[in-house]
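The values are calculated or read from the model by the stated rules, or taken from the named source; none is laboratory data. All of these numbers come straight from a predicted model, not from anything done at the bench. Every residue, glycine among them, receives a Cβ derived from its backbone with ideal geometry; neighbour counts consider all protein chains shown. Each accessible area value is taken on the protein alone, full model and side chains, heavy atoms only, with ligands, DNA and RNA left out. Shrake-Rupley method; radii C 1.70, N 1.55, O 1.52, S 1.80 Å.
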Amino acid sequence: MAGGFKVLEEFLGDSLDLPVKCRDGKVRTFHIPGPSAEDGLKVEKLMEAGLKMAAAPDAEPDTAALDDLAELNLYEAALGDTFGELRAHLDWPRFRHVALTAVIWISQGLDAAESFWNSGGDPSQAGPANRAERRASSRAAKSTPSRASRSGTSTPRATGRSRKAAQT
């Protein structure tokens, strides 16, 4: 058996760790676990229906997805057990940004979620939209030397963690 498949938990990012400045002024890192399969599927279905409706506003809405919306608190499903903790520590704009980042992570993956997070929710500030643009941007970034921070500080980065990394 040459090569073979790696154990999924060794490389799959199954959680997000998002640093946020809270109402009390302290920066906390919130750990958002991956959703259950059922909640993940509902979030993806709802996002797909929303994107279709946005692309074709005159089209007939997907009533099955909208019925799921009535059953599902999207943010609660995306944030899991972290939902209450986030509500207790954050104001609405920060709570919404964390929640939408989690929704994007579930429906589009870690790269899209990180791009959304770092753009502050402004689509015009987000990274390249498709794979070809991301690769071109990545090649350009690698060929251009970057400047180091002169202040000596850095901002914590939103990350996905695999189970193996989380256990160490």
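Descriptive notes on the structure:
- Answer residue from region 1-50, given it is of a type in the set (A, V, I, L, M, F, W, C) and assigned to a strand (DSSP E or B) and is surrounded by the fewest Cβ atoms within 10 Å (Cβ to Cβ) among those: 27
- Filtered residues of region 83-92 (kept if buried (at least 20 other Cβ atoms within 10 Å of the Cβ) and part of a helix (DSSP H, G or I)): 86
- Within region 117-127, the set of residues being modelled with pLDDT under 95 and open to solvent by 50 Å² or more (accessible area, probe 1.4 Å) comprises 120, 122, 123, 124, 125.
- Some residue of region 93-116 being among the aromatic types (Phe, Trp, Tyr) and surrounded by fewer than 16 Cβ atoms within 10 Å (Cβ to Cβ): no
- Of the listed requirements (1) at pLDDT below 85; (2) more than 26 Å from residue 122 (Cα to Cα); (3) among the aliphatic types (A, V, I, L, M), residue 46 misses just one: (2).
- Selection status of residue 58, farther than 23 Å from residue 18 by Cα, at pLDDT below 90 and open to solvent by 70 Å² or more (accessible area, probe 1.4 Å): yes
- Pairs with Cβ under 7 Å, 6+ apart, first in region 15-30 and over 22 Å from residue 110 (Cα atoms), second part of a strand (DSSP E or B) and open to solvent by 40 Å² or more (accessible area, probe 1.4 Å): 22/28
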